[in-house]
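First the structure, then my questions, so here it is.
The values are calculated or read from the model by the stated rules, or taken from the named source; none is laboratory data. Bear in mind that the values here come from a model prediction, so they are computed numbers and not experimental data. Positions of Cβ are backbone-derived with ideal geometry, glycine not excepted, and every protein chain shown enters the neighbour counts. Protein only, heavy atoms only, side chains kept; ligands, DNA and RNA dropped before computing areas. Shrake-Rupley method; radii C 1.70, N 1.55, O 1.52, S 1.80 Å.
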Amino acid sequence: MTISNKLEALSTTHKIAIIGAGKVGTTFAYALMLDGLAGEIVLIDMDKERTEGEVMDLNHAVPLSNPVRIWNGDYPDVAGANIVVISAGSAQRPGETRLDLLKRNIAIFRQILPQVLKYNNEAILLIATNPVDVLSYATWKLTGLPAQRVIGSGTVLDTARFRSMISQRFSLDARNVHAFIVGEHGDSEVAIWSSANIAGIPLLDFCQQVGCEISAGDRVKMANDVRNAAYEIIKRKGATFYAVGVGLARIVESILRDQHSVLSISNRVPGFYGIEDVYLSLPAIVGAGGVERILKLNLDEGETAALQNSAQVMHGVIEQLDIQPL
Ligand code: NAD
């Protein structure tokens, strides 16, 4: 391939706009660059100088990774982006719940979204800012875009944490562990043990087969460890960003490559379990158009009640918001 062919190929590849070039936004950009998923990555942040530093640093890794144009841009650069990822906002403070963050972050979204729509109303919006379910719901309401194109990163991160912990417990490749965290990305999230399996073998059968044990108490502890992981990490290093950065790249990969991957993103629940008019995470098929189908898991009674409780928590928050379309 000649240099001009290469440049031409680059110019026709995917463009990702990232609004909020803090720890999550830049870690995601880094993951995106290493994956070679995009030909263009534009970072947009109110702190232009720090973003310039991030862009310089990222660009210096390009010759060692994949050809990609990365720059410090502004809202007009959102034009033509396939996906706009929003990770702008305040991060969770030690001891602060995600719901406490809402008021500070919703004001930021009211500034950002009209600018995004002005330059691009065809992109898929992928929200990472917390509380991610409420902000994704608010983004859907404020923008009037189809829910299919307004996606929250949801419990993709929590599900990864869950799979990671199960795999460590049984010394297994985490990719062979299939288990979901559903509901809110936060305190009311629900670990789904009833369908957890190792390469298709139900977890309890697997345990019987290999002679290991996982008691009800172990399960409660593991679910709590997943739920509290963000608090524990923030207590030690101030923020979480590697796993969410990779999680965002994984969602973007499924969209750009039309992979139809099943991911526990946050989206509008279509009446399952009596839940509607709320954004929560359930496994969903993600492809070129965004969310192609939300899947209904067979939950046991306790899991159903816990998921309905999670939806109630979300409803309680949403009711306190006055979300008028932009
Ligand atoms: P950060 O403080 O490092 O970055 C936030 C960035 O947003 C900053 O660079 C800031 O300048 C920018 N910003 C603020 N207001 C803006 C505006 N109006 N326009 C443009 N940029 C603006 O925080 P972080 O650690 O990167 O976290 C970002 C968000 O992601 C937080 O809400 C955090 O809770 C959330 N988060 C989500 C997940 C998840 O799984 N969804 C995981 C970790 C963190």
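Looking at the stretch 30-53, which of its residues are closer than 24 Å to LEU125 by Cβ, open to solvent by 50 Å² or more (accessible area, probe 1.4 Å) and of a type outside the set (Lys, Arg)?
Initially, the stretch 30-53 is screened for residues closer than 24 Å to LEU125 by Cβ, giving 30-48, 50-51.
Checking the rest, the ones that are also open to solvent by 50 Å² or more (accessible area, probe 1.4 Å) come to 30, 34-35, 46-48, 50.
Listed by number, the residues that qualify are TYR30, LEU34, ASP35, MET46, ASP47.
Further question on the same structure: Inspect all residues belonging to the stretch 47-54 and state whether any of them is in contact (Cβ under 8 Å) with a residue 12 or more places away in the chain and either closer than 30 Å to MET314 by Cα or part of a loop (DSSP other than H, G, I, E, B) (or both).
Taking the stretch 47-54 first, the residues in contact (Cβ under 8 Å) with a residue 12 or more places away in the chain are 47-48, 50-52, 54.
Adding the requirement that they be either closer than 30 Å to MET314 by Cα or part of a loop (DSSP other than H, G, I, E, B) (or both) leaves 47.
Checking the stretch 47-54: at least one residue is in contact (Cβ under 8 Å) with a residue 12 or more places away in the chain and either closer than 30 Å to MET314 by Cα or part of a loop (DSSP other than H, G, I, E, B) (or both).
Yes or no: GLN208 without any contact (Cβ under 8 Å) to a residue 60 or more places away in the chain, assigned to a helix (DSSP H, G or I) and outside the structural domain of LYS15 (by TED's automatic domain parsing)? Let's see the steps before the verdict.
Details: without any contact (Cβ under 8 Å) to a residue 60 or more places away in the chain: yes; assigned to a helix (DSSP H, G or I): yes; outside the structural domain of LYS15 (by TED's automatic domain parsing): yes.
It is true that GLN208 is without any contact (Cβ under 8 Å) to a residue 60 or more places away in the chain, assigned to a helix (DSSP H, G or I) and outside the structural domain of LYS15 (by TED's automatic domain parsing).
Let me ask you something else. Which members of the stretch 252-293 meet the condition of being surrounded by 19 or more Cβ atoms within 10 Å (Cβ to Cβ) and β-branched (Val, Ile, Thr)?
VAL252, ILE255, ILE265, VAL269, ILE275, VAL278, VAL286, VAL291
Just the residues that are open to solvent by 50 Å² or more (accessible area, probe 1.4 Å) and closer than 16 Å to VAL156 by Cα, please, taken from the stretch 226-251.
ARG227, ASN228, TYR242, ALA243, VAL246, ARG250
Could I ask something else about it? Of ILE285, ILE323, which residue is among the β-branched types (Val, Ile, Thr) and either outside the structural domain of VAL190 (by TED's automatic domain parsing) or at pLDDT below 95 (or both)? Steps first, please.
Values: ILE285 fails: either outside the structural domain of VAL190 (by TED's automatic domain parsing) or at pLDDT below 95 (or both).
Exactly one of ILE285, ILE323 is among the β-branched types (Val, Ile, Thr) and either outside the structural domain of VAL190 (by TED's automatic domain parsing) or at pLDDT below 95 (or both), namely ILE323.
Let me ask another. Look at THR26 and say whether it is open to solvent by 10 Å² or more (accessible area, probe 1.4 Å), at pLDDT below 95 and in the same structural domain as ASN121 (by TED's automatic domain parsing). Steps first, please.
Working: open to solvent by 10 Å² or more (accessible area, probe 1.4 Å): yes; at pLDDT below 95: no; in the same structural domain as ASN121 (by TED's automatic domain parsing): yes.
No.
In addition: Scan the stretch 145-174 and report the pairs whose first residue is without any contact (Cβ under 8 Å) to a residue 24 or more places away in the chain and whose second residue is among the polar types (S, T, N, Q) and open to solvent by 30 Å² or more (accessible area, probe 1.4 Å), with Cβ atoms within less than 6 Å and a gap of 6+ or a chain change.
ALA174/SER164
Within the stretch 71-83, identify whether any single residue is more than 8 Å from the ligand (Cβ to nearest atom), open to solvent by less than 20 Å² (accessible area, probe 1.4 Å), out of contact with any Leu (no Cβ under 6 Å at 6 or more places or on another chain) and under 16 Å from ILE151 (Cα atoms), and answer yes or no. Please lay out each step first, then the result.
Of the stretch 71-83, the ones more than 8 Å from the ligand (Cβ to nearest atom) are 71-83.
Filter once more, keeping what is open to solvent by less than 20 Å² (accessible area, probe 1.4 Å): 73, 78, 81, 83.
Cutting the leftovers down to out of contact with any Leu (no Cβ under 6 Å at 6 or more places or on another chain) gives us 73, 78, 81.
Narrowing the set further to residues that are under 16 Å from ILE151 (Cα atoms) leaves 81.
There is at least one residue in the stretch 71-83 that is more than 8 Å from the ligand (Cβ to nearest atom), open to solvent by less than 20 Å² (accessible area, probe 1.4 Å), out of contact with any Leu (no Cβ under 6 Å at 6 or more places or on another chain) and under 16 Å from ILE151 (Cα atoms).
Looking only at the stretch 102-149, filter to residues that are open to solvent by 40 Å² or more (accessible area, probe 1.4 Å) and small (Gly, Ala, Ser); which one of those is nearest to the ligand (Cβ to nearest atom)?
ALA107
I'd like to verify a number: residues in the stretch 211-229 that are out of contact with any Asp or Glu (no Cβ under 8 Å at 6 or more places or on another chain) and either among the small types (Gly, Ala, Ser) or in a strand (DSSP E or B) (or both), how many?
5
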